[in-house]
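See below for the structure under consideration.
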Amino acid sequence: MDTKLSHELFQRHPDNPILSVKDWPYAANSVFNAAVAIVDGKTLLLVRVEDFRGISHLTVARSEDGFSNWQIDPEPTLRPDPDNHPEEIWGIEDPRITWLEEQQQWVVAYTAYSRGGPLVSLATTTDFRKFTRLGPVMPPEDKDAALFPVSFKGLWAMFHRPVAKSPNFTSDIWISFSPDLKHWGNHQEVIRARLGGWWDANKIGLSAPPLWTKEGWLVLYHGVRTTASGSIYRLGLALLDLENPTRVLRRSEEWIFGPKAHYERDGNVDDVVFPCGWVQEKDMVYMYYGAADSCIALATAKLNDLVGFILKCPDGRDS
């Protein structure tokens, strides 16, 4: 595949948006930024739902085919719990789901909105009905976190994005390691935001959890371009070494998906595509993304096309 795009690798589903507040069983301002997993043969979305206070919680939606006839929990599945977890006082947002085979449980990484700003919290579950909170694992400001599905030399690995406080510094994707999912260390910067006029200059963040391929860990990330009329969120790819996830093998120079459709360009926050999850079934990758912070959409791509594209991109160590 030529690395010049024509211009996007993912194809939008014809029924987009697949979920919005009109589908919701209770009153909500918006539904967006959903994590995804295949559970008991069904597509499960863990959806960020914003109420009319501006506070978010998480609710499960299930579908047999992944795009229609959603069965949505009749009330919030995971609510903020500020009495026991004061870091959640202003809501919980933007989950990512990872299945840990070694532990036979799902881990949900999410953003807890504390008085000190957003931070990374973790919770575990086996059924998406009962959750065990592990609490905050990174101090504010930090977000866009997801775990790898395997351990590396006995340590779990997690991507996250500390937020630069000064306009003189970039916001980049970091990786940290833990023996027990609670205590994290060996923090390292992995993917840096570019400088200048790039689509991913100054501020980037992880989108979906890393996806295993035989060529390496496929990473989907977002870049934020600030313009005179506001910010534009677009998506790019990187490829990491399978044994050493701190080593970037390849990185796309062009974005591979950006806001074009009306539901992506016009909403609560214009010009945003924001995936929190993707799943692979055979050779197809299904990417679920929040569109303009107002609804949920689906786009698909062939895994071979994604891998073929990233293998022809420049050496990521030079990015």
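Structure above, values below:
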| item | result |
| --- | --- |
| Strands (runs of 3 or more DSSP E) within region 176-233 that include 2 or more residues out of contact with any Cys (no Cβ under 9 Å at 6 or more places or on another chain), at pLDDT below 95 and surrounded by fewer than 16 Cβ atoms within 10 Å (Cβ to Cβ) | 216-227 |
| Pair list, Cβ < 6 Å and 6+ apart or interchain, from region 68-85 residues that are within 20 Å of Val120 (Cβ to Cβ) to residues that are of a type in the set (Phe, Trp, Tyr) and surrounded by 13 or more Cβ atoms within 10 Å (Cβ to Cβ) | Leu78/Phe131 |
| Which listed residue, of Ala157, Ala164, is of a type in the set (A, V, I, L, M) and modelled with pLDDT of 95 or more | Ala157 |
| Looking only at region 254-284, and only at residues there that are β-branched (Val, Ile, Thr) and buried (at least 23 other Cβ atoms within 10 Å of the Cβ), the one that is farthest from Tyr221 (Cα to Cα) | Val272 |
| Matching entry among Asp305, Asp241, Asp266, Asp271 (being at pLDDT 95 or above and on the phi > 0 side of the Ramachandran plot) | Asp271 |
| Members of region 268-291 that are in contact with a Gly (Cβ under 9 Å, 6 or more places away or on another chain), touching a residue at least 40 places away in the same chain (Cβ under 8 Å) and more than 22 Å from Ala146 (Cα to Cα) | Asp270, Asp271 |
| Residue match in region 246-253 (condition: surrounded by fewer than 21 Cβ atoms within 10 Å (Cβ to Cβ) and free of Cβ contacts under 8 Å to residues at least 40 places away in the same chain) | no |
| Residue within region 127-140 that is among the acidic types (Asp, Glu), at pLDDT 95 or above and assigned to a strand (DSSP E or B) present | no |
| Residues located in region 1-46, provided they are at pLDDT 95 or above, β-branched (Val, Ile, Thr) and either under 18 Å from the mean Cα position of the chain (by Cα) or not in a strand (DSSP E or B) (or both) | Ile18, Val21, Val31, Val36, Ile38, Thr43 |
| Residue that is over 26 Å from Phe159 (Cβ atoms) and touching a Ser or Thr at 6+ places or on another chain (Cβ under 7 Å), where the choices are Pro14, Pro82, Pro76 | Pro76 |
| Residue in region 54-63 that is buried (at least 20 other Cβ atoms within 10 Å of the Cβ), touching a Gly at 6+ places or on another chain (Cβ under 9 Å) and within 21 Å of Val269 (Cα to Cα) present | yes |
| Filtered residues of region 245-296 (kept if of a type outside the set (Asp, Glu), in a strand (DSSP E or B) and more than 16 Å from the chain's Cα centre (by Cα)) | Val248, Leu249, Arg250, Arg251, Met284 |
| Neighbours by Cβ (under 6 Å, 6+ apart or cross-chain): first from region 86-108, in contact (Cβ under 8 Å) with a residue 60 or more places away in the chain and on the phi < 0 side of the Ramachandran plot; second of a type in the set (D, E, K, R) and assigned to a strand (DSSP E or B) | Glu93/Arg48 |
| Of all residues making up region 47-73, the number that are assigned to a loop (DSSP other than H, G, I, E, B) and closer than 22 Å to Pro14 by Cβ | 7 |
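The values are calculated or read from the model by the stated rules, or taken from the named source; none is laboratory data. Quantities reported herein were computed from a predicted structural model and do not represent experimental measurements. Don't worry about glycine lacking a Cβ; one is built from the backbone with ideal geometry, like all the others, and counts go over all protein chains shown.
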